[in-house]
1. Just to be sure I understand the filter: pairs with C-beta atoms under 6 Å, separated by 6 or more residues or on different chains, first member in region 272-288 and more than 25 Å from residue 358 (Cα to Cα), second member surrounded by 17 or more Cβ atoms within 10 Å (Cβ to Cβ). Which pairs pass?
2. Please go through region 308-326 and give me each residue that is touching a residue at least 24 places away in the same chain (Cβ under 8 Å) and either over 26 Å from the mean Cα position of the chain (by Cα) or assigned to a loop (DSSP other than H, G, I, E, B) (or both), ordered by number.
3. Suppose the filter is within 27 Å of residue 142 (Cβ to Cβ), in contact (Cβ under 8 Å) with a residue 60 or more places away in the chain and buried (at least 23 other Cβ atoms within 10 Å of the Cβ); does residue 203 pass it?
4. Check off (1) outside the structural domain of residue 208 (by TED's automatic domain parsing); (2) in a helix (DSSP H, G or I); (3) closer than 23 Å to residue 158 by Cα for residue 43 and give me the number that stays unchecked.
5. Right, residue 226: buried (at least 22 other Cβ atoms within 10 Å of the Cβ) and under 21 Å from the mean Cα position of the chain (by Cα) or not?
6. Say whether the condition of being buried (at least 23 other Cβ atoms within 10 Å of the Cβ) and either more than 13 Å from the chain's Cα centre (by Cα) or within 17 Å of residue 113 (Cα to Cα) (or both) is met by at least one residue in region 213-222.
7. Can you go through 309, 291, 344, 280 and tell me which one is farther than 30 Å from residue 40 by Cβ and buried (at least 17 other Cβ atoms within 10 Å of the Cβ)?
8. Only one of 37, 77, 52 is out of contact with any strand residue (DSSP E or B) (no Cβ under 6 Å at 6 or more places or on another chain) and more than 25 Å from residue 272 (Cβ to Cβ); which?
């Protein structure tokens with residue numbers, strides 16, 4: 001673990017029984033008490049995640065809006081100040097550089113939250129595409145720390161030590177200069193679990209204080225520290241994509257079923273031409289949900305077949321903790337995407353029966 005990057009909370013993990021793994025070049029807790037119990041805590045009460053490994057980039061300047069609008073697939077013009085947009089950055093061939101959140105502070109100031117494993121690549125991509133735009137692009141990942149408190153009791157717990165009424169923050173909005181236990185924070189009503197909750201950004205020197213305080217006051221309401229393991233099972237049940245699984249430089253947003261976040265009517269953005277062409281020609285492969293009909297747990301990278309012929313690959317698969325079913329997501333040949341189509345998943349050399357189902361595995365419980 002010596003050569004891995006560490007968040008400011010690294011030394012606190014052992015206090016809570018954290019089991020550390022390597023993730024995207026970071027030493028991160030995969031679990032504390034256990035993946036299933038942490039998953040259930042988030043679905044039933046609340047979980048607290050250290051997500052300080054995520055990246056943050058500030059875009060400032062007279063042409064900040066025009067730059068960001070060209071950089072991403074979604075339409076930034078719809079944003080009010082203090083509103084957030086989920087979107088993607090694409091290569092010119094339509095493959096995905098990363099998926100991200102765009103926070104609009106003002107027309108001349110945006111805050112982009114990017115994936116931990118992609119920070120250097122994303123930042124370089126932004127610099128490479130700065131062109132003649134009058135903007136300053138600053139990677140502030142090294143000074144920002146982040147917590148995510150997620151679950152039906154997240155608001156109740158966080159409210160106890162917050163100086164504003166959290167009802168003021170609507171879904172996919174944020175507030176700056178919020179005091180949490182005296183610490184100045186940006187607080188957004190966002191998350192990656194399918195549950196209501198908040199993401200909290202503050203200086204790296206203050207995050208440990210908030211981590212301990214929240215776990216202390218939240219104990220009575222069932223708040224549990226949660227690791228990357230449950231973060232993955234939770235986002236998977238809610239069918240939220242993971243970079244490197246459902247999307248990548250080799251998979252376009254359209255293939256991944258994220259067309260809603262690609263506004264092809266926009267004047268221009270990087271990758272538009274390729275995505276327009278792909279849509280007009282029709283998708284050769286698509287992301288589908290599936291359920292195992294025979295006993296076996298599907299995993300990322302497993303082959304998908306029909307009558308012995310490979311038609312695709314599993315992007316994510318689990319025994320879903322909430323649904324108690326062996327289900328998965330797979331990128332497969334479009335000919336086999338109809339609901340109830342029988343497919344085979346190759347698990348330990350054996351082809352096991354599965355069927356295509358809706359990707360709406362779990363009803364998201366957002367407070368809008």
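1. What qualifies is 274/94.
2. Scanning region 308-326 gives 308, 311, 321, 322, 323.
3. No: the conditions fail for residue 203.
4. Exception for residue 43: condition (1).
5. yes
6. The answer is yes, given that some residue of region 213-222 is buried (at least 23 other Cβ atoms within 10 Å of the Cβ) and either more than 13 Å from the chain's Cα centre (by Cα) or within 17 Å of residue 113 (Cα to Cα) (or both).
7. None of the others qualify; the one that does is 344.
8. 37
The values are calculated or read from the model by the stated rules, or taken from the named source; none is laboratory data. What you see is a predicted model, and the numbers here were worked out from it, not measured in a lab. Backbone-built Cβ (ideal geometry, glycine too); neighbour counts: all protein chains shown.
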